[in-house]
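Novice: Can you read through this structure? Questions will come right after.
No lab work stands behind these numbers, since they all come straight from the coordinates. Only a predicted model underlies this, so the values are computations on that prediction, with no experimental measurement involved. Cβ placement follows ideal geometry from the backbone for every residue including glycine, while neighbour counts extend to all protein chains displayed.
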């Protein structure tokens, strides 16, 4: 009998020691991919209903497991949130984390006049935490040729996100390395990120590249490989199996 690809038994060999420690004691049937609402199609009325006009990420060295419920303990969050609310009211603002050895930075995703997505990274983000494109001397790097995968892993906001997000991050990194090798995987960065919604159909995986931005809800382990295959092909294709779980899009394919 084949093993369910979403079961803990199937995914455990690919999980890091840190992830196993983080999810220890959390029942997969309650918090993981075995829970009742996971992971079928999203109701038709909310497919594509999430607005993705402009997205700003504060990439912090603080791991997701240490964020408080509203990420207010993340250095710079309060200040940048204030600036974005008043100067870019239509933009989304999310906290993210890759590892503890990189300096804090900001990733800015927006659509240009041709509906292409431009992705810019600003490094050296620190006190007094101004919007980096308004500060002289800030290093800006165009990273539009790369892929960025953000997975909600916000433990204190929702233990389901903490469990599923931690698992999906490990699975993505494992699959990318296996499919694309170390060189190819270097152009794809996987981050944990803060909460992106308030209900069971909230987006839990969002991907940005020059092809656009796309947010999926109820993402599960068996969805990882189709997405990685699409990234390797680099044509902006959306896996057929995920089209009924699109929460929102940015770019030329967005309505």
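Novice: What do you get for the angle between helix 224-233 and the principal long axis of the chain? Use alpha-carbon atoms, 0 to 90 degrees, nearest ten.
Specialist: Compared with the principal axis, the helix lies near 50 degrees.
Novice: Over the chain, what is the mean sequence separation of C-alpha contacts under 8 Å (at least six apart), divided by residue count, expressed as relative contact order in percent? Present the calculation step by step, with values, prior to reporting the outcome.
Specialist: Values: 504 pairs, mean separation 60.0, N = 255.
RCO, the chain: 24 percent.
Novice: Let me ask you something else. Mind checking the full-extension length gain between residue 243 and residue 18? Use 0.36 nm per residue of separation minus the Cα-Cα distance, one decimal, nm.
Specialist: Numbers: separation 225, 0.36 × 225 = 81.00 nm, distance 3.20 nm.
Stretched fully, the residue 243-residue 18 segment lengthens by 77.8 nm.
Novice: Among 228-239, 164-175, 134-145, what's the highest-first ranking by average C-beta atoms within 10 angstrom per residue?
Specialist: Per-residue mean Cβ counts within 10 Å order the peptides as 164-175, 228-239, 134-145.
Novice: Next question. What is the extension gain from residue 46 to residue 87, computed as 0.36 nm multiplied by their sequence separation minus the C-alpha to C-alpha distance, in nm to one decimal? Please report the intermediate quantities before stating the final value.
Specialist: Details: separation 41, 0.36 × 41 = 14.76 nm, distance 2.83 nm.
Computed gain between residue 46 and residue 87 is 11.9 nm.
Novice: Could you please tell me the mean projected area of the C-alpha convex hull for the chain, averaged over all directions and given in square nanometres to one decimal?
Specialist: Details: hull surface 55.9 nm².
Here the figure is 14.0 nm², rounded to one decimal.
Novice: Can you tell me the convex hull volume per residue for region 54-142, based on C-alpha atoms, in Å³ to the nearest whole number? The partial results should precede the final answer.
Specialist: Numbers: hull volume 9.6 nm³, N = 89.
For region 54-142, the hull spanned by Cα atoms encloses 107 Å³ per residue.
Novice: For region 121-255, give me the percentage of DSSP beta bridges that are antiparallel, rounded to the nearest 5 percent.
Specialist: Values: 16 of 22 bridges.
Around 75 percent of the beta bridges assigned by DSSP in region 121-255 are antiparallel ones.
Novice: Most mobile of 17, 91, 182 per a Gaussian network model of the chain (Cα springs, under 10 Å)?
Specialist: The residue with the greatest mean-square fluctuation here is 17.
Novice: Å³ per residue of the Cα convex hull, for region 137-199? Don't skip to the end; give the middle numbers.
Specialist: Working: hull volume 7.5 nm³, N = 63.
Per-residue hull volume (Cα only) is 120 Å³.
Novice: Could you tell me how many degrees, from 0 to 90 and to the nearest 10, lie between the Cα long axis of helix 159-185 and the main elongation axis, the longest principal axis, of the Cα atoms of the chain?
Specialist: Once rounded, one gets 80 degrees.
Novice: In deg cm²/dmol, rounded to 500, what helix-only [θ] at 222 nm does the chain give when every DSSP H run of at least 4 residues adds -39500 (n - 2.57) and the total is split over its residues? Walk me through the numbers before you get to the answer.
Specialist: Values: 6 runs with 62 residues, N = 255.
Rounded to the nearest 500, the figure is -7000 deg cm²/dmol.
Novice: I've got another one for you. Rg and Dmax of region 71-222, Cα atoms, in Å?
Specialist: For region 71-222, the Cα-based Rg and Dmax read 15.6, 45 Å.
Novice: To the nearest 10 degrees, how steeply does helix 77-87 sit against the main Cα axis of the chain, on a 0 to 90 scale?
Specialist: Roughly 60 degrees between the two axes.
Novice: Here is a follow-up. With a Förster radius of 25 Å, plug the Cβ-Cβ distance of residue 78 and residue 141 into 1/(1 + (r/R0)^6) and report the FRET value to the nearest 0.05. Present the calculation step by step, with values, prior to reporting the outcome.
Specialist: Details: r = 26 Å, r/R0 = 1.03.
That gives a FRET efficiency of 0.45.
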